[in-house]
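The values are calculated or read from the model by the stated rules, or taken from the named source; none is laboratory data. These figures come from a predicted structure and were not determined experimentally. Neighbour counts are summed over all protein chains in view; Cβ atoms, including those assigned to glycine, are modelled from backbone coordinates with ideal geometry.
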Amino acid sequence: MKVQVLQENLQRGLAIVGRAVATRATIPIISNVLLQTEEGKLRLAATDLDISIVAWVGAKVDEPGATTVPARLINDFVANLPAATVSLEAPASGRQLRIECARNDSTINAMDPADFPRIAEIRDGVAVKFDPKALKRAIERVEFAAATDDSRPVLTGVHLKSDGPRLTLAAADGFRLAVADIQLEESPAEAIEVIVPARALRELSRLIGDSNLPVEMRINPQRSQVLFEWDEVQMVAQLIQGTFPNYNQLIPAQFNTRMIVDVDEFKREARIAAIFARDGSGIIRLIMTPGEGGMPGQLTISARADEVGGNEGKLDALVEGDASRIAFNSRYLQDVLNVLGSGRVALEMTSPSAQGVFRPVDENGVPEPGYVHVVMPMFVQW
Amino acid sequence: MVDTATVLHVDLDAFFVAMELLRRPELRGRPVIVGYPGPRGVVSTASYEARRFGVRSAMPMARARELCPGAVILPPDFSWYAPASRAFHAILRSYSPAVEPVSVDEAYIDVAGSERLFGTPAEIGAAIRERIRAEIGITASVGIAVNRLVAKVASDAAKPDGLLRVPPGEEAAFLAPRPVRDLPGVGRRTADVLAGLGIATIGELAAVPESVLEAKFGRHGADLRRRALGIAPGGVASALPGRRSISREHTFDRDERSAERLRAVLLSQAERVADDLARQQRAARTVVLKLRFPPFETITRSATPGRQLLFADELYDTAAGLFEAAWEEHGRRPVRLIGLGAAGLTERARQLALGETPAPGALHDAVLALRERYGDAVIRRAAELPGPPADAP
């Protein structure tokens, strides 16, 4: 193999595939990155066997071939090279990589590229095209609600479902549930219902960045793998097998109290309360009081810790229905507020020991379609 | 030279009575008793005037009436006393973080390190007394010594409305002339046994050879003699609110080598600790296991599982895991003492799960209610019961 590639292109490509490199590898080769010529380009690939990422970098290929070297080493090395043309050269065996750039010359011991795991290519199966901004936003509003422990594997994933011009993403960790819709330009050719590892979507959202290029998703006919493709990048993830809980019944349709408040103000007060909550049991208490006689309603946000002290903040709020109170885990409350952006949020609830339902709303209090977040409260002594 | 007598015992004088007199000044100078006047009522607090007639705390009310027919008897009104009690403890905490509350009207405070800010321990004691008088309107007595034991005896000796400092090194001399009953930990039964030996004062107790006391009182004999000399652990358990811990310990009469028996003790301790947590409306973040191998090798191990621990099962599971590892590590040697503690106490709360309708800890609440009413033994786990005899089928 003999190729020439611009340092900045190589660095960017390595950074992209680096997200899939195994950190605690059981087999050494998956800590590596595969470099391979393909149709006049340099193909970079990495995998931790759950997630694989492939990136194509523009290159001048003088001699086709392949090699595989430790990802961390080549990443660190290339990141420090000057912005110039990098020449990569490997013998036919692929067992050594020589890198020349400006007046820097180095060799890296490489492994046999034939041993690198094969990364699936998904050409058939049902496909969906996404606007990258809409996809990224939906992922960010949902993935954090997925479970982080493996006790129920399906909950570590995000449930994707579509049977029309809309795709619904849902994640739940047993204590909270996030559901977001994405409008599609075209309905998929067949109904979709799969569970994608939350980690894969998190990486996807990060890699999409502020790209404007559409993202295509393909699910293989065996429903075992999903591929996301955009620009010159592909990500393949193993789907999680199992049945996702039927979550629609967990979103209450009724409420006794509905409060609307400015998201940024709520976020600020929740952040302050969290400072006190973190040294106690992590509880933030909300008390909602309807307005009377032309006075605005009020939201009181408070937290206390035995060792530290207490805090109470008040916000003007529109409160419909009964005066009410509810206590939340401070992290769960902050997580949902953080993904709502700015604007206004409605909190709907029926009792201090039943779901709190968060919905972004417009100026008139009308829910923005396409997102709902349910958080179970903490059962506390008031 | 640094003054090592930094432990203060601060005790409000006839607290409940003093509080009643605040709002009924016309009763000043008369014998006043606070306590429920009913047939099964007992004396909570008696004024010094009533004490002159022989009325004492915990005495049946009927007996108190006999001794002091002219006494004014008032039922306790805790909602009136509670703010004053809180103010009292707050005053103490403003002088040192090491405050160990004993009850509503009594606490230890260690002022080591506070001298630069507030003066000598005696000056701090005087300031505390003055602030209690000015801010609450009642009087307190203060004892100052190198340890809690002597400080407590000193404050009793200073009562009412006094301050007494026992200089370091003079503990034994201070205690010597006092009757043995003045020594904390000496109850009527011990005093009776001592009287049988012709011992009436603490000084006489201190002079008895340890072997004699051990013959009479077993392991506690040596301890009794040390206490009579004024020797006791020094410090005040730093009791910053929330940094408290709740624990139970058990010392075996014979070193225990059965894993099953050790686990059973641990389970029973978990039950008691969980009950205490429930009573205080607290949850634990950390479980501490304590093991002592003879003669004096003591180890502690702790675990913080990252969630609230409320119930005996949760405490036990964590403690049992610690026990297995620690015991294995020490070659499964016989155990002299085993203890289980809950630390990192926080507000009791439970994260509800999606789809859950809470009936939180209904069983635990019911068990706790039974124990509150009838004592710990009313309901027990089968594992806590003594096993069947070895030859049982």
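Mind listing just one residue for me: the one in the stretch A:172-192 that is within 14 Å of chain B (Cβ to nearest Cβ) and outside any strand (DSSP E or B) and, of those, nearest to the chain's Cα centre (by Cα)? Selected residue: A:173. All of B:146, B:186, B:142 fail the test of being modelled with pLDDT under 95, among the hydrophobic types (A, V, I, L, M, F, W, C) and buried (at least 22 other Cβ atoms within 10 Å of the Cβ), apart from B:146. Residues in the stretch A:47-63 that are charged (D, E, K, R) and farther than 17 Å from residue A:116 by Cα: A:60, A:62, A:63. Does residue A:169 satisfy being without any contact (Cβ under 8 Å) to a residue 40 or more places away in the chain, in contact with a strand residue (DSSP E or B) (Cβ under 6 Å, 6 or more places away or on another chain) and either assigned to a helix (DSSP H, G or I) or within 30 Å of residue A:352 (Cα to Cα) (or both)? Here the answer is yes, as residue A:169 does meet what is asked. Applying the set (1) within 32 Å of the chain's Cα centre (by Cα); (2) touching a residue at least 12 places away in the same chain (Cβ under 8 Å) to residue A:298 leaves exactly one unmet item: (1). Being touching a strand residue (DSSP E or B) at 6+ places or on another chain (Cβ under 7 Å) and within 14 Å of chain A (Cβ to nearest Cβ) is the filter; apply it to the stretch B:283-314 and report the residue that is nearest to residue B:347 (Cα to Cα). The extreme case among them is B:283. Of the residues making up the stretch A:243-270, those that are within 21 Å of residue A:178 (Cα to Cα) and away from every other protein chain (no Cβ under 14 Å) number 15.
A residue that is in a loop (DSSP other than H, G, I, E, B) and either within 14 Å of another protein chain (Cβ to nearest Cβ) or surrounded by fewer than 16 Cβ atoms within 10 Å (Cβ to Cβ) (or both) can be found somewhere in the stretch A:320-328. The residues of the stretch A:278-306 that are in contact with an Asp or Glu (Cβ under 6 Å, 6 or more places away or on another chain) and within 8 Å of chain B (Cβ to nearest Cβ), listed by number, are A:280, A:281, A:305. Considered as a group, the residues in the stretch A:138-154 that are over 22 Å from residue A:21 (Cα atoms) and without any contact (Cβ under 8 Å) to a residue 24 or more places away in the chain include one that is surrounded by the most Cβ atoms within 10 Å (Cβ to Cβ), and that residue is A:152. Within the stretch B:1-53, the set of residues being surrounded by fewer than 23 Cβ atoms within 10 Å (Cβ to Cβ), among the β-branched types (Val, Ile, Thr) and over 27 Å from the mean Cα position of the chain (by Cα) comprises just one member, B:2. May I ask you to verify whether residue A:313 is among the small types (Gly, Ala, Ser), modelled with pLDDT of 90 or more and within 32 Å of the chain's Cα centre (by Cα)? Judged against the criteria, residue A:313 is a match. Among the residues of the stretch A:67-84, those that are in contact (Cβ under 8 Å) with a residue 40 or more places away in the chain, out of contact with any Phe, Trp or Tyr (no Cβ under 9 Å at 6 or more places or on another chain) and either under 14 Å from residue A:109 (Cα atoms) or surrounded by fewer than 16 Cβ atoms within 10 Å (Cβ to Cβ) (or both) comprise A:67, A:69, A:71, A:72, A:74, A:79, A:82, A:83, A:84.
Can you name the residue in the stretch A:92-113 that is free of Cβ contacts under 8 Å to residues at least 12 places away in the same chain and not acidic (Asp, Glu) and, of all such residues, is surrounded by the most Cβ atoms within 10 Å (Cβ to Cβ)? The qualifying residue surrounded by the most Cβ atoms within 10 Å (Cβ to Cβ) is A:98. Looking at the stretch A:307-318, which of the residues that are surrounded by fewer than 15 Cβ atoms within 10 Å (Cβ to Cβ) and more than 12 Å from chain B (Cβ to nearest Cβ) is nearest to residue A:261 (Cα to Cα)? Going through the qualifying residues, I end up with A:316.
Of all residues in the stretch A:336-381, those satisfying the criterion of being within 12 Å of another protein chain (Cβ to nearest Cβ) and either farther than 13 Å from residue A:177 by Cα or not in a strand (DSSP E or B) (or both) are A:350, A:351, A:352, A:353, A:354, A:355, A:376, A:377, A:378, A:379, A:380, A:381.
Among the residues of the stretch B:29-50, just one is within 10 Å of residue B:17 (Cβ to Cβ) and charged (D, E, K, R), namely B:49. Among residues of the stretch A:7-25 being in contact with a Leu (Cβ under 7 Å, 6 or more places away or on another chain) and within 26 Å of residue A:103 (Cα to Cα), the one that is surrounded by the fewest Cβ atoms within 10 Å (Cβ to Cβ) is A:7.
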